[in-house]
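Colleague: The structure under discussion is supplied below as C-alpha cells; questions concerning it will follow.
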Amino acid sequence: MSVVTLVIDGHDVAGQSGQSILSVAREHGIAIPTLCHLDGLSEVGACRLCMVEVRGARRPLAACVTEVQEHMEVTTTTDELTDYRRQIIELLFTERNHVCAVCIANRHCELQDLAKALGMTHFDLPALNPSAGVDASHERFGIDHNRCVLCTRCVRVCAEIEGAHTWDVRGRASEARVITDLGTPWGESPTCTSCGKCVQVCPTGALFEKGRAVAEGKERRPYVPFLVARNRRS
Amino acid sequence: MAKPRLATIWLDGCSGCHMSFLDLDERLFDVFARAELVYGPLVDAKEFPEDVDVTLVEGAVSTEDDLRRVREVRAKTKILVSLGDCAVTANVPGMRNPLGPKAILETAYASGVTGASAAPSEWVPALLERVQPVHAVVPVDVYLPGCPPSADVIAEAIDQLLAGQLPDTAHLASFG
Amino acid sequence: MPEPDDAPARARHHEPVLPEGPVRATANVCHAAGCLSLGSDLVFDRLCERVEASGTDDVGVRRVGCLGLCAQGPLVKVPEHDRLYAKVPAEPDELDQLVEQFRSGTGGLVVSEDPFFARQVKVVLRHCGSVDPEEVEDYVAKGGYAALRRAVTEMTPEEVVAEVTESGLRGRGGAGYPTGLKWATVAKSGEGGHKYVVCNADEGDPGAFMDRSVLESCPQQVLEGMAIAAYAVGANEGYVYVRAEYPLTVRRLNSAIRQAERAGLLGTAIADTSFSFHLEVRIGAGAFVCGEETALLASIEGRRGTPRPRPPYPAAAGLFGEPTLINNVETFASISAIIERGGRWYAAIGANKSRGTKVFALAGAVERTGLIEVPMGLSLRQIVFEIGGGVPGGHRCKAVQTGGPSGGCIPEELLDMPVDYESLVSAGSIMGSGGMIVMDETTCMVDVARYFMDFCREESCSRCVPCRAGTVQMHRLLDRICSGLATRADLERLERLAAMVQRASLCGLGQGAPSTVFSTLRYFKDEYLAHIDHRTCPAGVCEMAPFEMAGSGR
Ligand SMILES: Cc1cc2nc3c(=O)[nH]c(=O)nc-3n(C[C@H](O)[C@H](O)[C@H](O)COP(=O)(O)O)c2cc1C
Ligand code: SF4
Ligand code: SF4
Ligand code: SF4
Ligand code: FES
C-alpha cells in the first residue's frame, strides 16, 4: 500500500492506493451523499448519488467505486452534480410509494434525510404509484416493497456478513424486486437465520421489525459499526 | 396601505395542517395584526373572495370538487402555498392511487365497516381517477412539506410572505 | 457429418445433391434464418427431389448461408452463371422451370451487375452464401483455417497482435475500441494464469441480425478468429455467448465447434502444435443488457446479468476475475482475412480513422432491405439510394437511424456524410453494431424516440437509479408529447432528465438511452413543438388524446 496524494474540493489530501474517493473524502471530513454504500459491505455503485467530477474524466464518477490516484483533482459539489442528485432523489420518491407520514422509518430514513439535505421541497415528476407488494410472512420481520430503493444492502449484508445469501434481486426494469430464496415467501425461507441484519442496514422503511409503529423503526444505527468492524477484521 | 389578504383552504387532508397553523398560538396575534384572514375553515365567508394575496392550501386534490375549488382559488390568489405533504405529494390520500377509486369505494362501503351496502352517489363529489398534488393541477408558488409542517416552519414562512418575500423553504421543511 | 443431436432434424431433410462429374449449375439455397422463415428448407428439399427426378447429373443443390437480399427470400444463387433468384417458390412445376433457367443461365438477376451487390465489399461476409454452414470441410476447402494454421505455425503471438493493430480494425460491437490495442492489453495482463477469449453474440438491438447471419452462414470463420485471438493473447479457453432466441445459431455453433475439434482445428494440439483452445457455447436468456460486456461475463459465471462499474476492465479482470478478451462476432469474423492478406491490405479499405468494412442490416423504408457489407467511408446516401434502391412508394427519405437504442437519427440533409465512427458521433449518432433503419416522411420522430425509450425502459437491468427510474419517466414525458398533452415545461424537463440519465448512469444502456431523444431534438425539434403547441403530429402518426379533467397522468 502506497500513499496517494490528491486534491478534493481544493484541499490537499492523502489516502492509500486502492482506497475509494469516498473513503478518503470522509476521512478528511468532506461529505458526499450516498445511499447504496455502507461501510463494511462491497460496493455496487448503483444509486449514483456519490458522483463527483474528476478532472479529465468524460463524465461524473461514482466516488464509492473510483479509486484515488496520484494528482487526482476531485470536485464533490457543483450546480450540475447537485441537480443530478436532486433528480435521483426525485426519481426514487416517485418510483414507488413513499408516504413518510405513515412510515415506520419516518425521521430515521436515509432517503428522507437526503431529500432534506438536498433541499427538495416537492417533485415535478408524477408519482408512478405501483402496487409493489408486501411480504409479511416472516415471524419477526416484514418487507414493504413500496419503500424499497433497490440499494441491495440487504442482499449484500446477508451474503457477505451473515453468509446466508437469502436475499437476491429478481426481474428487470420497474419489475425488479429484492426476493428471498428465489421468491419463496420470507417466512418459509429455509436459509434465513432471522438474524435481522437486513433490517438493520435497510436505509428506508422497506425492511422493518414487526410490532413497531410509525416512526419507531430507529434503534438500529448503533448496530451498523459493528458490522463494519467485523468485516474489516476478516 | 391595506393589510395583505390571507386565506386558507382545506382539500383532501386531515386538517392537521390547519391545527399546526393554530399551534402558532400567541404568534397568531401578530399574524392577524399584519394580515386580514378573508377565507378558510376558521372564518365564516361562504364564497372565496377576489384579490387574495396569499392562500395556504391544505390537502391533496381527490375529488371533482377539490379540483374546481383549487382552480378558483388559484385564479383569485397571487401567491399559492402548498401546505403540508398532502398538498405537496398527495401523501396519505394518494395511497389509493395504486388501487384506483372503484376498488377503494368498494372496500370502504360495499365490504367495509360502515354498514352501507354501496358507495353514496348523491351529495358527495365524484372521486378523480388519481389523487394529485396541488401543483399537478395548478401552478404553485411556495411549497411547505411536512406532515404536518411544524408551527415554527409555518410561522417563518408566513412572516416572510407577509413581508412580501417568497420564502426559501428548501432548508426549512422536510417530508414526513 | 451429421451430428447426433441434430440428426433427427437433418433426417427429415434431403441430402445435398452433389454430382460427381462436371456441373453446369449449382443451386445454392440460402439457409440463414431469414430465408428459412420464408420456407427455404422446403424449397431445398423440393429442389433436390425435382433435380433427382429429372435425371440430370449436371445440376447440384446445396445449402449455404445468407445471400443478402433477405426481404426477397427464399433466395437461390447459381454462382456458375453469377445469378440470384428471389422469392423462389416451392411449387414443383415452377421449380422444374427454374432448374432449366439455372442450367441455361437465364432469369433472376446478374449479381455482379446489380447495384445492391456491386457497391459492397465482402470481407466478413466473404464466405456467406458460398460455404455450407454445417460442413467444416466445405469451409476448409474454400481456404478456411489457413489463417489459423499460418498464425500458430509461422507467427509469434506478438506478430499476430501487430498485424491486427496495423489493420486498424476497431470493435464492431458498438464502441469501436481499437482491437489491436485490446489484444495487446490482454496479452500483457495476468501472470501466466488463466485467460479467456469471449465472443459477444448477444445481439440485442431491436431489428438487428448481422451477427446472427454471420454465425448462421459461416460459424467456422468466427471460431477461427477466436482461435487466432486466443493464440495472440495467450488464452486456452473461450466462450461464445449467444441468445436463446437464436436456436439455429446455437445448433450450428455447437456442431461447428465439434466438427472443428474433430478436424484438429480447435481443442487440443491445434494444427499439430502445442497450442490448444477449448470453446464452449453459453446461452443467454435474451436480455439486451447482457450484451454489455461486464453483464455478459456475470451471466457466463452464472450470476445475475447486470453490469458492474469499470475499471477494472475485462482485459485486466474479466471472467472469473481473470484477464479476458471480449470481442464482437463481426470483429472476430474479420480476423482471418487480416491474417491471410495482411493488416496493411485491410487498412487500405475504409476512410479516416475507420478502416475495413462494416456489415449493416438495412431495413425500413427502402426498396431492398437485407444484409450488406460496405467499406467504411461510403456515404449514407450511397447506401440508401444505390445499394438500397431508394425509398419505395414515391416517398422522401427523412432520416436514417443507426446505432440502435443508443444511437440516433441522421436527417436527410446529412446523408452525404461518410459512414465512419467519428462522423456518426459528430452527427449525434453512433456506428453501433450495424442496425440501419431508413425512415420516410410517414415516420414521426417523437414516436421513434418514444419507441426506443420504451425499449430501454423495459431492458434496464434495474441496478442504477438514473436508468431504472429515469427511462420510465422519460418514456412518460415522450408519451405525453405524442398524445398532445405536454407543455413546453414538460419538454424542458425531458431535456434535463435526459442529460442526467446520460451522464449519471452506470453502464452504456442508461448512458445511451437518451441519445435518440437528443438527436431527434437536434434535427426535428419542430415536430416536438407541433405536438406541444398545436396538438398535431406532422407525420400523421400520433393520435392526440382528449384533455383530461385533472391533467391526470402527471
Ligand atoms: C447495453 C449494451 C448492449 C450491448 N450489446 C452488445 C451486443 O449485443 N453485441 C456486442 O458485440 N456488443 C455489445 N455491447 C458492447 C460490449 O459491451 C462490448 O463493448 C463489445 O462486445 C466489445 O467487443 P468489440 O470491441 O469487438 O466491439 C453492448 C454494450 C452495451 C452497453
Ligand atoms: S422509506 Fe423514507 S422516504 Fe420512504 S416513506 Fe418511509 S420515511 Fe418516507
Ligand atoms: S429492502 Fe431496504 S436494503 Fe433491501 S434493497 Fe430495498 S431499500 Fe435496500
Ligand atoms: S445503466 Fe441501466 S442497464 Fe446499465 S447498470 Fe444502470 S440500470 Fe443497469
Ligand atoms: S453510494 Fe456510490 S453509487 Fe451509491
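Colleague: So how many residues does the range B:137-176 have that are over 15 Å from B:Val31 (Cα atoms), open to solvent by less than 30 Å² (accessible area, probe 1.4 Å) and without any contact (Cβ under 8 Å) to a residue 40 or more places away in the chain?
Modeller: 4
Colleague: Please work out which residue is most open to solvent (accessible area, probe 1.4 Å), limiting yourself to the range C:62-89 and to residues that are without any contact (Cβ under 8 Å) to a residue 40 or more places away in the chain and assigned to a strand (DSSP E or B).
Modeller: C:Arg83
Colleague: Related question: At pLDDT below 95 and part of a loop (DSSP other than H, G, I, E, B): does that describe C:Gly264?
Modeller: no
Residues checked against (1) modelled with pLDDT of 95 or more; (2) of a type in the set (D, E, K, R); (3) within 20 Å of C:Arg457 (Cα to Cα):
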| residue | (1), (2), (3) |
| --- | --- |
| A:Arg96 | yes, yes, yes |
| A:Ala115 | yes, no, no |
| A:His122 | yes, no, no |
| A:Ala136 | yes, no, no |
| A:Leu150 | yes, no, yes |
| A:Cys154 | yes, no, no |
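Colleague: Considering each residue of the range B:81-111, count those that are open to solvent by 30 Å² or more (accessible area, probe 1.4 Å), modelled with pLDDT under 95 and either of a type in the set (Gly, Ala, Ser) or assigned to a helix (DSSP H, G or I) (or both), and give that number.
Modeller: Count: 10.
Colleague: On the given criteria, is A:Leu61 within 16 Å of ligand 3 (Cβ to nearest atom) and either at negative phi or open to solvent by 10 Å² or more (accessible area, probe 1.4 Å) (or both)?
Modeller: no
Colleague: When you check C:Val59 against the structure, is it over 17 Å from C:Gly370 (Cα atoms), surrounded by 19 or more Cβ atoms within 10 Å (Cβ to Cβ) and in contact with a helix residue (DSSP H, G or I) (Cβ under 6 Å, 6 or more places away or on another chain), yes or no?
Modeller: Yes.
Colleague: Of all residues being more than 16 Å from the chain's Cα centre (by Cα) and surrounded by 22 or more Cβ atoms within 10 Å (Cβ to Cβ) in the range A:102-119, which is farthest from ligand 1 (Cβ to nearest atom)? Just the residue, please.
Modeller: Here the residue is A:Ile104.
Colleague: Same structure, new question: Mind checking whether some residue in the range C:507-519 is within 16 Å of ligand 5 (Cβ to nearest atom), closer than 28 Å to C:Gly174 by Cα and crowded, with 20+ Cβ neighbours inside 10 Å?
Modeller: Checked the range C:507-519: at least one residue is within 16 Å of ligand 5 (Cβ to nearest atom), closer than 28 Å to C:Gly174 by Cα and crowded, with 20+ Cβ neighbours inside 10 Å.
Colleague: Turning to a different aspect of this structure: For C:Val448, only one of the following conditions fails: (1) open to solvent by 10 Å² or more (accessible area, probe 1.4 Å); (2) without any contact (Cβ under 8 Å) to a residue 12 or more places away in the chain. What is its number?
Modeller: For C:Val448, the failing item is (2).
Colleague: Scan (1) open to solvent by less than 40 Å² (accessible area, probe 1.4 Å); (2) modelled with pLDDT under 95 for the single condition C:Asp93 breaks and write down its number.
Modeller: Going through (1) open to solvent by less than 40 Å² (accessible area, probe 1.4 Å); (2) modelled with pLDDT under 95 one by one, C:Asp93 breaks only (1).
Colleague: Related question: Just to be sure I understand, how many residues within the range A:167-185 are within 16 Å of ligand 2 (Cβ to nearest atom) and more than 11 Å from chain C (Cβ to nearest Cβ)?
Modeller: Number of matching residues: 0.
Colleague: Output the residue which, of all residues in the range A:128-178 that are among the aliphatic types (A, V, I, L, M), within 13 Å of ligand 3 (Cβ to nearest atom) and more than 17 Å from the chain's Cα centre (by Cα), is most open to solvent (accessible area, probe 1.4 Å).
Modeller: This residue is A:Val134.
Colleague: Can you confirm whether the range A:19-34 contains a residue that is within 12 Å of chain C (Cβ to nearest Cβ), over 30 Å from B:Gly94 (Cα atoms) and either more than 16 Å from ligand 3 (Cβ to nearest atom) or surrounded by 17 or more Cβ atoms within 10 Å (Cβ to Cβ) (or both)?
Modeller: yes
Colleague: Can you find a residue in the range B:113-120 that is surrounded by fewer than 16 Cβ atoms within 10 Å (Cβ to Cβ), under 26 Å from A:Ala215 (Cβ atoms), more than 11 Å from every other protein chain (Cβ to nearest Cβ) and polar (S, T, N, Q)?
Modeller: Checked against the condition, which is being surrounded by fewer than 16 Cβ atoms within 10 Å (Cβ to Cβ), under 26 Å from A:Ala215 (Cβ atoms), more than 11 Å from every other protein chain (Cβ to nearest Cβ) and polar (S, T, N, Q), the range B:113-120 yields no hits at all.
Colleague: All but one of (1) farther than 30 Å from B:Glu36 by Cβ; (2) within 11 Å of chain A (Cβ to nearest Cβ) hold for B:Trp123; which doesn't?
Modeller: (2)
Colleague: Tell me, which helices (runs of 4 or more DSSP H) wholly within the range A:65-166 include 3 or more residues that are more than 11 Å from every other protein chain (Cβ to nearest Cβ)?
Modeller: Helices (runs of 4 or more DSSP H) meeting the threshold: A:153-156.
Colleague: A further question on this structure: Could you list, in sequence order, all residues of the range C:472-496 that are within 31 Å of the chain's Cα centre (by Cα) and facing chain A (nearest Cβ under 8 Å)?
Modeller: C:Val472, C:Gln473, C:Arg476 - these are the residues of the range C:472-496 that are within 31 Å of the chain's Cα centre (by Cα) and facing chain A (nearest Cβ under 8 Å).
Colleague: Can you give me the ranges of the strands (runs of 3 or more DSSP E) entirely in the range B:1-80 with at least 1 residues that are more than 17 Å from B:Val153 (Cα to Cα) and either within 14 Å of chain C (Cβ to nearest Cβ) or in contact with a Lys or Arg (Cβ under 6 Å, 6 or more places away or on another chain) (or both)?
Modeller: B:36-39, B:52-58, B:61-63
Colleague: Can you spot a residue in the range A:73-95 that is within 16 Å of ligand 2 (Cβ to nearest atom), surrounded by fewer than 16 Cβ atoms within 10 Å (Cβ to Cβ) and either at negative phi or free of Cβ contacts under 8 Å to residues at least 24 places away in the same chain (or both)?
Modeller: Looking for residues that are within 16 Å of ligand 2 (Cβ to nearest atom), surrounded by fewer than 16 Cβ atoms within 10 Å (Cβ to Cβ) and either at negative phi or free of Cβ contacts under 8 Å to residues at least 24 places away in the same chain (or both), one finds none in the range A:73-95, hence no.
The values are calculated or read from the model by the stated rules, or taken from the named source; none is laboratory data. Predicted model, so just to flag it, every value in this text is computed and none were measured. Glycine also receives a Cβ, built like all others from the backbone with ideal geometry; neighbour counts cover every protein chain displayed. The area values use the complete protein model at the heavy-atom level, side chains included, leaving out ligands, DNA and RNA. Shrake-Rupley method; radii C 1.70, N 1.55, O 1.52, S 1.80 Å.
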